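Report on one structure; see the data block that follows.
What follows is calculated from the coordinates using simple rules that are stated; it is not laboratory data. Values in this document were obtained by computation on a predicted structure and should not be read as measured data. Backbone-built Cβ (ideal geometry, glycine too); neighbour counts: all protein chains shown.
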Amino acid sequence: MSITQQYLLDSYRARLHGEPQPPAPGRHDLGLVREVRDHRRFCAVIAGRPVHGRLRRTLARWLRPGAL
């Protein structure tokens, strides 16, 4: 059963029982991604690591060993 089919079945059951309709699949994905990003930034601050630019700094170190 696909996600869409499950959503339609849950919506139908909720309508039969007079309950509120469940949220559509993927509706809260962007909020979840933001929460994960914020949590990773928080963990970086607590661990004493830089929050921004880690990937760029690492690539610069690999590509130009004497740059930083």
Check your understanding: Dipole size in debye (nearest 20) for the stretch 18-68 around its Cα centre, Lys and Arg Cβ +1, Asp and Glu Cβ -1?
Key -> 600 debye
Point to revise | Among [x] 2.80; [y] 1.99; [z] 1.64, the entry derived from the coordinates for Cα Rg over 2.2 N^0.38 Å | key: [y]
**Study point:** Given charges at Cβ of Lys, Arg, Asp, Glu: the chain dipole, positive-most of MET1, SER11, VAL45
**Key:** VAL45
